[in-house]
2 protein chains.
Amino acid sequence: MTGICGHSLDEYLAMVERFHGNRAPGILIGGFMVDLATRNLPPGEFHDAICETAVCLPDAVQLLTPCTTGNGWLKVLEFGRFALTMYEKSGGEGVRVHLDAGKLERWPAIKAWFFKLTPKKEQDLQAILDQIGKAGHAILAMEKVRVDPKSLQRPKLGAIAVCPACGEAYPARDGDRCRACLGETPYLPA
Amino acid sequence: MTGICGHSLDEYLAMVERFHGNRAPGILIGGFMVDLATRNLPPGEFHDAICETAVCLPDAVQLLTPCTTGNGWLKVLEFGRFALTMYEKSGGEGVRVHLDAGKLERWPAIKAWFFKLTPKKEQDLQAILDQIGKAGHAILAMEKVRVDPKSLQRPKLGAIAVCPACGEAYPARDGDRCRACLGETPYLPA
């Protein structure tokens, strides 16, 4: 493989290490997935992204596309499928790429990592990364999809109220108190 | 204010523009929030992050801390409160910072933006950013919190199965098919 969205493998892995904290196999594969998707989309269009797992893939998308968690162009669906989709925002036409487990027979280190056949301590990270670098697009599958953009729209924030329980601003649509005060708080009582 | 986590305001705004796509007021405030939180945490500890809104704040955290969506150290809770927390991963001790709406009287441009008192088209972005840069920590409030780390743990992926409907790998714990094939798919029929 020649590269990932215009970056050499080493450049991309350095970007991954800075942003994600370590050279995770899943983000290297994710880089090739974004690369394959963007090569198969009409140039000049504006694309949103879906990751079908919260693990690793969102960081590949955030490094290589304009889509981030905070700007709303990246959606994470926790299906636990190693797949991502880039799609045209309004019409929903797009391309979905997933890791094709059926293509892993030729790549035993990737297969053992993906199916967790080897305990993490015994894995040879460099061997896994080397196989992923050699495999590139060869372990991926791609299909055209049409996304239902309505199913992914973040509701408009709408009117803002002040929560009578915590005194903080919150979206009035959530009810007579904010969701944290309605019972979802992750904070323990002082 | 002198800066945001060691960056000048201009440096930080350039980072924001590259990553997030535009100089959003919410991410500039988010930068000061992360700055205030990290100044009040013991150095050398390793901290996870919570954002209590999906809008803007996650990108401030991803730019200024090691926590990202894909590495699991950043959790987004959709409470719609403009607040973030940095906490020690195992014990849950941490610091929560929120935008204190009661402190906005002195900053009319920020107030009009935050409460959406002015239609977006009529807002003066530079005036809002200027006021935020001058206000810095003065519009924020901070409290010590204890997070219940269990409430935020991503369940382990566990055993991997192949979905009989789509043929893709998925977490066996999700049932006899993957969640997409169980009805959550965002894709329209071909």
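The values are calculated or read from the model by the stated rules, or taken from the named source; none is laboratory data. All figures in this text were calculated on a predicted structure; none of them were measured in a lab. Cβ: placed from backbone, ideal geometry, glycine included. Neighbour counts: every protein chain shown. What goes into the accessible areas is simple: the full protein's heavy atoms, side chains included, and nothing from ligands, DNA or RNA. Shrake-Rupley method; radii C 1.70, N 1.55, O 1.52, S 1.80 Å.
Of the listed requirements (1) of a type in the set (F, W, Y); (2) open to solvent by less than 40 Å² (accessible area, probe 1.4 Å); (3) within 12 Å of another protein chain (Cβ to nearest Cβ), B:W107 misses just one: (3). Residues in the stretch B:3-29 that are part of a loop (DSSP other than H, G, I, E, B) and open to solvent by 40 Å² or more (accessible area, probe 1.4 Å): B:C5, B:G6, B:S8, B:G21, B:N22, B:R23.
Filtered by the rule that a residue be part of a loop (DSSP other than H, G, I, E, B) and touching a Gly at 6+ places or on another chain (Cβ under 7 Å), the stretch A:141-156 gives A:D148, A:R154.
Pairing each residue of the stretch B:96-112 that is in contact (Cβ under 8 Å) with a residue 24 or more places away in the chain with any residue that is among the basic types (K, R) and surrounded by fewer than 21 Cβ atoms within 10 Å (Cβ to Cβ), provided the two are 6+ apart or on different chains, yields C-beta distances under 7 Å for B:L104/B:K111.
Beta carbons closer than 7 Å, at least 6 apart along the sequence or on distinct chains, pair a first residue in the stretch B:66-82 that is within 7 Å of chain A (Cβ to nearest Cβ) and under 15 Å from A:M15 (Cα atoms) with a second that is assigned to a loop (DSSP other than H, G, I, E, B) and small (G, A, S) for B:P66/A:G21; B:N71/A:G21. Looking at the stretch A:30-50, is at least one residue at the interface with chain B (Cβ under 9 Å from one of its Cβ atoms), open to solvent by 10 Å² or more (accessible area, probe 1.4 Å) and among the β-branched types (V, I, T)? Checked the stretch A:30-50: no residue is at the interface with chain B (Cβ under 9 Å from one of its Cβ atoms), open to solvent by 10 Å² or more (accessible area, probe 1.4 Å) and among the β-branched types (V, I, T).
Of everything in the stretch A:168-190, what is more than 24 Å from A:K75 (Cα to Cα) and more than 8 Å from every other protein chain (Cβ to nearest Cβ)? Give them in sequence order. Across the stretch A:168-190, the qualifying residues are A:G175, A:D176, A:R177, A:C181, A:L182, A:G183, A:P189. Return yes when B:C67 is touching a His at 6+ places or on another chain (Cβ under 9 Å) and closer than 16 Å to B:I139 by Cβ and no when it is not. Answer is no for this residue. Scanning the stretch A:75-98 for residues that are open to solvent by less than 10 Å² (accessible area, probe 1.4 Å), among the hydrophobic types (A, V, I, L, M, F, W, C) and under 13 Å from the mean Cα position of the chain (by Cα) gives A:F79, A:A83, A:L84, A:M86, A:V97. In the stretch B:138-160, the condition of being closer than 22 Å to B:M15 by Cα and open to solvent by 30 Å² or more (accessible area, probe 1.4 Å) is met by no residue. Residue count for the stretch B:141-162 under the criterion of being at pLDDT 95 or above and either of a type in the set (G, A, S) or farther than 24 Å from B:K89 by Cβ (or both): the result is 1.
A count restricted to the stretch B:157-190 and to residues that are in contact with a strand residue (DSSP E or B) (Cβ under 6 Å, 6 or more places away or on another chain) and part of a helix (DSSP H, G or I) stands at 1.
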